[in-house]
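Visitor: Below you'll find the structure I mean.
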Amino acid sequence: MVGAAIQRRLTWQVAQVSAHVRDTPRCWRISLDVELGAWLPGQHIDVRLTASDGYQAQRSYSIASAPEERTLDLVVERLDDGEVSPYLTDELRAGDAIELRGPIGGYFVWQAGLGGPVQLIAGGSGVAPFLAMLEHHQAAGSDARLSLLYSARAEDDIIARERLDEHAQRAGVEIDITLTREAPDGWKGRIGRVDAAMLAEAVIPASEQPQVFVCGPTAFVEGVAEALVAQGHAPAVVKTERFGG
Amino acid sequence: MDHIAAHRLDGNAAAGRLEDVFAVEITSVRATCNGCGATAAVAELTVYADAPGTVIRCPSCEAVVMRLAQVPGSTWIDLRGARTLQIPLR
Ligand SMILES: Cc1cc2nc3c(=O)[nH]c(=O)nc-3n(C[C@H](O)[C@H](O)[C@H](O)COP(=O)(O)OP(=O)(O)OC[C@H]3O[C@@H](n4cnc5c(N)ncnc54)[C@H](O)[C@@H]3O)c2cc1C
Ligand SMILES: [Zn+2]
């Protein structure tokens, strides 16, 4: 069950960067070697940076790989005027060490034992925890229905595109991508922002009682959650995680 | 979107800081607001993490439920706004 691991106070530990790969124009996938024990899909870690004068900054990042995978992966979006993300995307290299604590969370978590149907709704880098859930769904051989509605700006901005295309071929998995800024000729997915009309059409209906997870920029998450509750989804089954912005 | 909304997070963002102190999975802990009596999971509370400390508010009435401040060598936690914390045992 969720959170079966023995709880202890979290402490900071050192992780080794094993891979650092640009995935989209604005997002990098960072793979870490670290002994955290098994994590749950949906959990996050906190990263801490320390300047030479002792000043520290910390931020949270979702774990984008499944517990069954070998590395703990993050997907970090570069915010041009950000304090922490440009360091993680531009300065950090494979072989470097960084400080982190985790895994954290037990509310915004899905694992095979919880069954389905499950509706995932992501804005931008908010897809990160759902990548872990999709990988876990496959590794665990889950037959739960899992449906992802994912909003990206343009085709180039789709994170983990190849893996999402592969997941879309699996029984029980639906991947529904909408592009908000520009769509190429011949684009077969959706176009436009996630609004009440799109949710009514694309989301597993409330009558089927899906567990719903919404993740991404704060305004995106709050708008989607409000519309879903208005469409009859019980507030308690609509779980949210706000990334800020 | 207003300045405040742009900086709004939820209890997931404060969980690492709280688990530095409490040895429980904190986002599933249910907190009852001392202001209005509403109960919510810590993950559902509203968090403003860019103040000098972290301010955690009730999603129903906006009252402060918890405040955290980290100073060198200690963490201060003000729980005046939490009537109860219900911690699931396993
Ligand atoms: C539980 C949790 C999980 C998270 N998981 C991820 C993840 O998997 N990947 C990821 O890239 N980020 C994630 N975030 C966001 C991340 O923690 C940082 O907030 C983000 O990287 C910005 O940090 P920064 O120091 O670069 O920018 P800051 O210096 O904090 O902010 C720079 C500017 O960008 C604005 N801003 C802050 N956050 C955002 C945002 N998310 N979108 C747009 N503008 C923003 C600020 O208002 C400010 O104007 C998560 C946040 C939380 C709470
Ligand atoms: Zn209240």
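Visitor: Does region B:5-24 contain any residue that is in contact (Cβ under 8 Å) with a residue 60 or more places away in the chain, on the phi < 0 side of the Ramachandran plot and not hydroxyl-bearing (Ser, Thr, Tyr)?
Guide: We begin by selecting, within region B:5-24, every residue in contact (Cβ under 8 Å) with a residue 60 or more places away in the chain; these are B:24.
Within this subset, residues satisfying the condition of being on the phi < 0 side of the Ramachandran plot are B:24.
If we keep only those that are not hydroxyl-bearing (Ser, Thr, Tyr) as well, we get B:24.
Taking every residue of region B:5-24 in turn, at least one turns out to be in contact (Cβ under 8 Å) with a residue 60 or more places away in the chain, on the phi < 0 side of the Ramachandran plot and not hydroxyl-bearing (Ser, Thr, Tyr).
Visitor: List every residue pair whose Cβ atoms sit under 6 Å apart, with the two residues 6 or more apart in sequence or on different chains, where the first one lies in region A:128-146 and is assigned by TED's automatic domain parsing to the domain that holds A:Val212 and the second, anywhere, is modelled with pLDDT of 95 or more and open to solvent by 50 Å² or more (accessible area, probe 1.4 Å).
Guide: Short answer, once both residue conditions are applied: A:Ala139/A:Glu68.
Visitor: For region A:84-110, give me each residue that is at negative phi and within 14 Å of another protein chain (Cβ to nearest Cβ).
Guide: Filtering region A:84-110 for residues at negative phi gives A:84-94, A:96-101, A:103-104, A:106-110.
A:Val84, A:Glu99, A:Leu100, A:Arg101, A:Pro103, A:Ile104, A:Gly106, A:Tyr107, A:Phe108, A:Val109, A:Trp110, listed by residue number.
Visitor: Same structure, new question: Can you find a residue in region B:59-75 that is open to solvent by less than 20 Å² (accessible area, probe 1.4 Å), within 26 Å of A:Phe213 (Cα to Cα) and touching a Phe, Trp or Tyr at 6+ places or on another chain (Cβ under 9 Å)? Quick ask: steps written out before the conclusion?
Guide: From region B:59-75, those open to solvent by less than 20 Å² (accessible area, probe 1.4 Å) are B:65-66, B:68; that's our starting set.
Within this subset, residues satisfying the condition of being within 26 Å of A:Phe213 (Cα to Cα) are B:65-66.
Retained after the next criterion (residues that are touching a Phe, Trp or Tyr at 6+ places or on another chain (Cβ under 9 Å)): none.
Among the residues of region B:59-75, not one is open to solvent by less than 20 Å² (accessible area, probe 1.4 Å), within 26 Å of A:Phe213 (Cα to Cα) and touching a Phe, Trp or Tyr at 6+ places or on another chain (Cβ under 9 Å), which makes the answer no.
Visitor: Of all residues in region B:12-38, which are open to solvent by 30 Å² or more (accessible area, probe 1.4 Å), farther than 18 Å from A:Pro235 by Cβ and more than 12 Å from ligand 1 (Cβ to nearest atom)?
Guide: If the condition is that a residue be open to solvent by 30 Å² or more (accessible area, probe 1.4 Å), farther than 18 Å from A:Pro235 by Cβ and more than 12 Å from ligand 1 (Cβ to nearest atom), then B:Asp20, B:Val21, B:Phe22, B:Ala23, B:Val24, B:Asn34, B:Gly35 are the ones that fit.
Visitor: Within region A:189-203, count every residue that is surrounded by 13 or more Cβ atoms within 10 Å (Cβ to Cβ) and within 12 Å of A:Gln231 (Cβ to Cβ).
Guide: Adding up the residues that qualify gives 6.
Visitor: Moving on. Of all strands (runs of 3 or more DSSP E) completely enclosed by region A:17-110, which ones contain at least 3 residues that are over 28 Å from B:Glu44 (Cα atoms)? So that I can check it myself, show each step before the final result.
Guide: Working: elements: A:27-33, A:44-50, A:56-62, A:72-77, A:97-104.
So the answer is A:27-33.
Visitor: B:Arg8 passes all but one of (1) open to solvent by 10 Å² or more (accessible area, probe 1.4 Å); (2) more than 7 Å from chain A (Cβ to nearest Cβ); (3) not aromatic (Phe, Trp, Tyr); which number fails?
Guide: Of everything listed in (1) open to solvent by 10 Å² or more (accessible area, probe 1.4 Å); (2) more than 7 Å from chain A (Cβ to nearest Cβ); (3) not aromatic (Phe, Trp, Tyr), B:Arg8 misses just condition (2).
Visitor: Residues being part of a strand (DSSP E or B) and either away from ligand 1 (no atom under 15 Å from the Cβ) or in contact (Cβ under 8 Å) with a residue 60 or more places away in the chain (or both): count how many of those fall in region B:39-90.
Guide: Initial filter on region B:39-90 (part of a strand (DSSP E or B)): B:39-41, B:46-48, B:54-57, B:64-71, B:74-78, B:82-86.
In the following step, the residues that additionally are either away from ligand 1 (no atom under 15 Å from the Cβ) or in contact (Cβ under 8 Å) with a residue 60 or more places away in the chain (or both) were identified as B:39-40, B:57, B:64-67, B:69-71, B:74-78, B:82-86.
Count: 20.
Visitor: Among the strands (runs of 3 or more DSSP E) confined wholly to region A:111-188, which include 2 or more residues that are open to solvent by 10 Å² or more (accessible area, probe 1.4 Å)? Steps first, answer last, please.
Guide: On the way: elements: A:118-123, A:146-152, A:173-179.
Counting at least 2 such residues, we get A:173-179.
Visitor: Please go through region A:205-228 and give me each residue that is surrounded by 15 or more Cβ atoms within 10 Å (Cβ to Cβ) and in a helix (DSSP H, G or I), ordered by number.
Guide: Residues of region A:205-228 surrounded by 15 or more Cβ atoms within 10 Å (Cβ to Cβ): A:206, A:210-225, A:227-228.
Matches in region A:205-228: A:Ala206, A:Thr218, A:Ala219, A:Phe220, A:Val221, A:Glu222, A:Gly223, A:Val224, A:Ala225, A:Ala227, A:Leu228.
The values are calculated or read from the model by the stated rules, or taken from the named source; none is laboratory data. Note that this is a predicted model, so its numbers are computed, not measured. All Cβ positions, glycine included, derive from the backbone under ideal geometry; neighbour counts span all protein chains shown. Keep in mind that these areas ignore ligands, DNA and RNA; they rest on the heavy atoms of the full protein, side chains included. Shrake-Rupley method; radii C 1.70, N 1.55, O 1.52, S 1.80 Å.
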